[in-house]
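Below is one structure, written out as structure tokens; the observations come after it.
Only the coordinates and a few stated rules stand behind these numbers; no lab work does. Everything numeric in this text was worked out from a predicted model, so none of it was measured. Positions of Cβ are generated from backbone atoms using ideal geometry, with glycine treated the same way; all protein chains shown enter the neighbour counts.
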Ligand SMILES: Cc1cc2nc3c(=O)[nH]c(=O)nc-3n(C[C@H](O)[C@H](O)[C@H](O)COP(=O)(O)O)c2cc1C
């Protein structure tokens with residue numbers, strides 16, 4: 001039986017399968033179910049600052065409150081206590097499970113990132129994933145200002161906590177490798193490729209816009225894992241579109257330390273973890289690998305560049321035009 005252990009963001013995982021942030025990992029019971037099914041770690045449902053503004057019942061249109069009171073509630077009065085129920089779930093889960101528990105936060109107010117981070121660490125979280133969503137929409141907002149947001153958040157959070165942190169990224173970044181390096185230099189130990197979103201669409205009869213579930217792009221994550229693995233001081237996890245053990249093998253060969261999976265478990269139940277682990281183990285046995293490190297990153301740009309004069313197998317991470325593919 002091959003050894004499936006892996007190290008991700010300074011945490012030792014018994015295998016590379018992480019149940020991604022979702023309602024599957026929202027409660028202590030859910031986290032226990034993930035462990036029982038064989039997961040190597042869990043990322044908890046994100047704590048969204050905006051969720052508390054809604055749950056806290058203080059919408060913008062609440063004119064019954066003085067603006068100062070509203071500001072106070074928003075900036076701390078309410079939000080200071082907001083993640084309390086999630087912290088309780090973490091505390092409960094820590095008594096029951098031994099796999100690493102990675103909390104996840106998404107804030108809009110800069111002072112709340114470190115505050116929420118501190119609270120989840122106190123509750124016992126083993127790591128923290130920063131779900132930073134900063135879609136650049138202002139034409140006068142430069143790439144460097146955009147990148148600086150990430151770095152600031154990480155630095156502020158690092159001042160408050162000692163547990164390892166990772167950043168879940170979006171693909172709409174002008175130089176992803178550069179941002180990844182900056183994140184790593186600021187202290188981010190893990191990078192997650194990529195976040196998953198609702199996507200806009202238009203009803204041409206009603207002439208209205210609406211949101212629909214986006215499609216995770218497995219190959220987009222594969223490209224960036226392959227290009228960035230082992231070239232920045234952070235471990236990578238690939239998230240999106242993994243539907244079988246083959247997807248896990250591919251991401252590991254490209255250089256990921258772990259994978260984050262969600263939709264498959266909604267479709268097939270958490271017992272799918274067992275099947276994925278069996279598939280991964282059998283593939284490793286067949287290819288005579290006794291540990292993940294024996295092959296992790298073998299098809300990354302970094303390894304290929306070191307072992308070949310040209311780009312070797314990494315060539316395909318670069319290809320974006322059709323010309324060569326069709327003229328073969
Ligand atoms: C129902 C559902 C809820 C999710 N909630 C969150 C969330 O709170 N925070 C987050 O960072 N990602 C969230 N995600 C995204 C997942 O964590 C993960 O990145 C993505 O679903 C992985 O792709 P896959 O579903 O193809 O495996 C959610 C996904 C789903 C399907």
Worksheet entry | Pair residue 178, residue 302: separation of 7 Å Cα→Cβ label points (nm) | 2.1 nm
Fill in: Relative contact order for segment 188-266, counting Cα pairs under 8 Å that sit 6 or more residues apart, in percent
31 percent
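Contact order normalised by length for the chain, with contacts defined as Cα pairs under 8 Å and 6 or more residues apart; what percent is it? If you can, show how the numbers build up before the last one.
On the way: 567 pairs, mean separation 58.6, N = 328.
Relative contact order of the chain: 18 percent.
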Discussion item. Based on Cα coordinates alone, diagonalise the gyration tensor for segment 6-297, multiply each eigenvalue by 5, take square roots, and list the semi-axes in whole Å, largest first.
Written reply: 32, 22, 20
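Could you tell me the calculated FRET efficiency between residue 288 and residue 29, based on Cβ-Cβ distance and R0 = 56 angstrom, to the nearest 0.05? Working shown, then result.
Values: r = 40 Å, r/R0 = 0.71.
Calculated value: 0.90.
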Practice prompt. Pull out a ≥ b ≥ c, the square roots of the eigenvalues of the alpha-carbon gyration tensor of segment 195-308, then state rounded if a/c is under 1.5, prolate if not and a/b is larger than b/c, and oblate in the remaining case.
Written response: oblate
Discussion item. At 7 Å along Cα-to-Cβ for each site, give me the label-to-label distance between residue 315 and residue 246 in nm.
Written reply: 2.3 nm
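Output the peptides 212-223, 250-261 sorted from most to least packed, where packing is the average of other Cβ atoms within 10 Å over each peptide's residues.
Details: 212-223: 16.2, 250-261: 26.9.
Top of the packing list down: 250-261, 212-223.
Of all DSSP beta bridges located in the chain, what percent are antiparallel, nearest 5?
Details: 9 of 38 bridges.
Restricted to the chain, the bridges split so that about 25 percent are antiparallel.
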Practice prompt. Whole Å is fine, so just give me how far the alpha carbon centre of segment 218-272 lies from that of segment 1-43.
Written response: 14 Å
Practice prompt. Go through 174-183, 113-122 and give me the packing order, highest mean Cβ count within 10 Å leading.
Written response: 113-122, 174-183
Worksheet, complete the sentence: Simple SL model, points at 7 angstrom along Cα→Cβ for residue 85 and residue 215; separation in nm is 3.6 nm
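Grab the DSSP H runs of the chain that are 4 residues or longer, score each as -39,500 (n - 2.57), total them, divide by all residues and round the 222 nm result to the nearest 500 deg cm²/dmol. Could the numbers behind the result be given before it?
Numbers: 14 runs with 134 residues, N = 328.
Result for the chain, helices only: -12000 deg cm²/dmol.
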Worksheet item: How would you rank 27-39, 128-140, highest first, on the average number of other Cβ atoms within 10 Å across their residues?
Response: 27-39, 128-140
Worksheet item: What FRET efficiency would be calculated for the residue pair residue 1, residue 135, taking the C-beta separation as r and a Förster radius of 51 Å, to the nearest 0.05?
Response: 0.70
